[in-house]
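In what follows, a single structure is set out as structure tokens and then discussed.
Please treat every number below as a calculation from the coordinates, not as lab data. Since we're looking at a predicted model, the values are computed, not measured. All Cβ positions, even for glycine, are placed from backbone atoms using ideal geometry, and neighbour counts span all protein chains on display.
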Amino acid sequence: MPARPTPRATGDESPGPDTLTRSAMRPDGTLVLHLNGEYDVDTVVPLREALNRANADRVPHTVLDVSGVTFADSTLLNLFIQAHHRLARLVFAGPVPPQLQRLFDLTGVAEIFTFAPDVTAACADTSPA
């Protein structure tokens, strides 16, 4: 099995393969993080750091665009659950890939997370957390 590339963040992060792109903070304070590729214990660090920064900065609304996720294991799921509990407002923007949706459904977190069909809808989502 070929080794997975080491993830790097882009944008205001270090350069490298695209697994996480941090968008500019929107004027309303919404942070949009675009996730791409495979996420496991070896590749989740840039996303964890971005979510930790969002929490430390008290970002009022965080959107995770998960439409580009091609693989996710329990490491990513655990990070999502932690973010759900720590961040003021977290919305997952789709379309959610089938493998990721199955992980959400099998573990029951689909019932507690907030989903939107796309980034635009997720940014506009102001329903209670």
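Placing dummy labels 7 Å off each Cα toward the beta-carbon, the span from V41 to T70 is 2.3 nm. Shape class of the range 81-129 from the Cα gyration tensor (axes a ≥ b ≥ c, square roots of the eigenvalues): oblate, since a/c reaches 1.5 or more and a/b does not exceed b/c. The distance between label points at T120 and Q82 comes to 3.4 nm (points 7 Å beyond Cα on the Cα→Cβ vector).
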